[in-house]
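Accompanying notes for the structure given below.
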């Protein structure tokens with residue numbers, strides 16, 4: 001956004017900025033942008049990093065939507081904006097005249113719940129900005145998810161905007177049943193058709209030919225999407241590591257890239273899923289897009305964007321580089337047709353039906369008064385967009401509006417399980433090993449639910465190519481922490497990043513012994529606390545723990561909840577060994593890393609560790625009262641010795 005454009009903005013303007021790691025904050029920002037448009041604000045929605053802080057006062061008000069990532073950190077696409085606010089030279093009047101409101105997305109199972117939004121809010125006030133409405137905070141642990149908090153908040157926020165910025169006489173809010181013009185539309189490429197030109201670039205054809213030894217590979221198996229900052233990875237292993245009789249299908253997936261990419265324990269691979277042919281064809285048939293499905297299309301700004309003289313960032317980064325894009329390819333590679341729909345989706349599709357009963361029902365789902373019905377229909381049964389369109393069969397969406405109506409795929413993050421000597425291939429490339437639970441379950445509507453990304457990964461065969469993004473995780477540790485005393489707590493697939501850390505420790509010991517064959521490696525003791533249901537079914541990497549114990553000072557404790565009448569969990573192991581955990585974490589200043597499912601587990605572990613600090617000291621040694629134990633754990637967090645990565 002240029003300074004001249006901001007200065008020349010009309011008097012009634014709104015800026016909605018987001019910092020998003022997985023796409024949730026961006027979706028919330030888009031919904032807030034639509035709200036502002038309906039109240040006749042000329043509205044811009046953008047990543048925080050794309051805007052200079054000096055321009056904020058050019059707008060009537062600014063909305064900040066930010067999620068919290070890692071250990072209370074700002075998302076990557078908002079980090080440079082955040083750093084610009086931290087400059088010491090900024091005066092306390094730097095943002096004087098800026099009106100703002102903020103909304104945070106977080107998870108209360110993390111100690112630093114909504115930390116990013118709170119930090120941003122505090123800094124904006126320090127620089128003289130004026131908060132025009134109380135900050136909202138969404139909680140992923142809410143029974144109704146993020147929207148359980150967001151919907152009541154945005155409803156009240158709308159009323160506040162109308163009071164604070166009343167519309168001129170004779171001008172009224174744009175009703176929900178009136179469609180806002182799409183910002184981006186699909187257009188037919190008249191100069192060529194898919195049947196007249198090659199469907200792949202030469203480089204892609206060569207890539208596919210390189211895997212000719214794997215017969216029968218399909219479009220699903222070869223990812224040719226130009227995803228920004230992605231690595232082209234080859235799948236070399238997709239092995240189930242739980243018995244066929246076990247309720248959960250867990251896979252060990254190995255990916256390789258030809259370059260010697262470096263990564264550290266706690267880093268993640270981000271994988272963007274694809275749709276299945278049969279699902280895409282079902283949507284094409286329902287919408288009547290058959291004649292258009294295989295013609296070449298391109299994404300273009302809508303009339304409103306063109307008239308504004310400023311192009312917003314397109315909804316799909318890198319799409320302009322896609323070779324020979326057809327509507328079918330767009331649907332398969334980018335559009336999340338199996339997502340659980342948000343309220344904004346129902347509002348959008350209500351404009352594309354002539355069936356008054358269907359339209360009335362769709363609009364009811366957007367009404368805050370019918371929140372329970374909305375949740376009963378969508379979130380609780382996990383009903384997908386494809387299923388909604390099947391039930392509201394009168395809805396016929398123009399193919400030109402696909403990117404304005406449907407959500408696009410967001411990458412899913414998976415912790416890397418490999419480390420040390422497991423990170424390299426024999427020819428000098430990099431290897432990523434992942435431990436992934438295939439999401440498959442049943443809800444009240446009795447149909448099998450499947451995770452969009454894990455369903456995609458579950459069918460990939462050796463030789464498949466994927467576009468993956470390497471991302472820094474929240475468990476990064478210093479060299480001193482890596483070789484120092486460590487407690488690793490990882491039930492189930494949460495053990496993946498901890499395995500990476502253990503192999504890094506082993507690599508350090510091997511390297512040290514090569515240089516100092518007669519000396520003891522300066523590495524502290526490590527405790528691995530592993531939890532599962534059954535030792536025989538889900539004790540992942542069991543044989544490796546003994547191998548690693550021979551290299552490093554590793555002690556493994558297990559808690560298998562279903563192997564005995566009374567259930568045992570990882571927090572119970574801590575309570576049985578207060579003294580051990582007190583010595584390692586308090587007396588030896590060790591670090592603790594917690595990974596796995598969010599919710600009750602990390603909170604239960606946190607409480608057990610506080611009890612260990614309270615009761616684990618020697619009778620003649622230091623004793624901590626409850627408050628002192630809590631303060632000690634908080635001090636560990638502040639110094640980076642207590643880290644959590646849950647999902």
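Quick notes
- Verdict on residue 507 being under 28 Å from residue 244 (Cβ atoms) and either within 36 Å of the chain's Cα centre (by Cα) or surrounded by 18 or more Cβ atoms within 10 Å (Cβ to Cβ) (or both): no
- Count of region 285-316 residues, restricted to those that are under 24 Å from residue 18 (Cα atoms), in a loop (DSSP other than H, G, I, E, B) and at pLDDT 90 or above, is 1.
- Some residue of region 25-39 being in a strand (DSSP E or B) and either modelled with pLDDT under 95 or not assigned by TED's automatic domain parsing to the domain that holds residue 130 (or both): no
- Screening the candidates 65, 51, 42 for the property of being touching a residue at least 12 places away in the same chain (Cβ under 8 Å), crowded, with 23+ Cβ neighbours inside 10 Å and touching a helix residue (DSSP H, G or I) at 6+ places or on another chain (Cβ under 9 Å) yields one hit, 65.
- Residue that is nearest to residue 495 (Cα to Cα), among those in region 240-257 that are more than 22 Å from the chain's Cα centre (by Cα) and assigned to a strand (DSSP E or B): 240
- Residues that are crowded, with 18+ Cβ neighbours inside 10 Å and not in a loop (DSSP other than H, G, I, E, B) within region 178-190 comprise 184, 185, 186, listed in sequence order.
- Region 363-386, residues that are without any contact (Cβ under 8 Å) to a residue 60 or more places away in the chain, buried (at least 17 other Cβ atoms within 10 Å of the Cβ) and either in the same structural domain as residue 443 (by TED's automatic domain parsing) or outside any loop (DSSP other than H, G, I, E, B) (or both): 374, 377, 385
- Residue check, residue 450 in contact with a strand residue (DSSP E or B) (Cβ under 6 Å, 6 or more places away or on another chain), over 30 Å from residue 503 (Cα atoms) and at pLDDT below 95: yes
- Test: residue in region 555-577 that is within 30 Å of residue 140 (Cβ to Cβ) and free of Cβ contacts under 8 Å to residues at least 12 places away in the same chain: yes
- Of the candidates 84, 4, the single residue that is modelled with pLDDT of 95 or more, assigned to a helix (DSSP H, G or I) and either surrounded by fewer than 20 Cβ atoms within 10 Å (Cβ to Cβ) or not assigned by TED's automatic domain parsing to the domain that holds residue 149 (or both) is 84.
- Exclusive hit being in contact with a helix residue (DSSP H, G or I) (Cβ under 9 Å, 6 or more places away or on another chain) and under 16 Å from residue 385 (Cα atoms), set 313, 282, 293, 323: 282
- Verdict on residue 327 being modelled with pLDDT under 95 and touching a strand residue (DSSP E or B) at 6+ places or on another chain (Cβ under 9 Å): no
- Any hit, region 468-482, residues being part of a strand (DSSP E or B), touching a residue at least 24 places away in the same chain (Cβ under 8 Å), in contact with a helix residue (DSSP H, G or I) (Cβ under 7 Å, 6 or more places away or on another chain) and surrounded by fewer than 23 Cβ atoms within 10 Å (Cβ to Cβ): no
- Matching entry among 152, 175, 91, 166 (being within 29 Å of residue 600 (Cβ to Cβ), more than 19 Å from the chain's Cα centre (by Cα) and surrounded by fewer than 20 Cβ atoms within 10 Å (Cβ to Cβ)): 152
- Qualifying residues in region 510-535 (those that are in a loop (DSSP other than H, G, I, E, B) and in contact (Cβ under 8 Å) with a residue 40 or more places away in the chain) - the one surrounded by the fewest Cβ atoms within 10 Å (Cβ to Cβ): 534
The values are calculated or read from the model by the stated rules, or taken from the named source; none is laboratory data. Since we're looking at a predicted model, the values are computed, not measured. Heads up, the Cβs are rebuilt from the backbone with ideal geometry, glycines too, and the neighbour counts pull from every protein chain shown.
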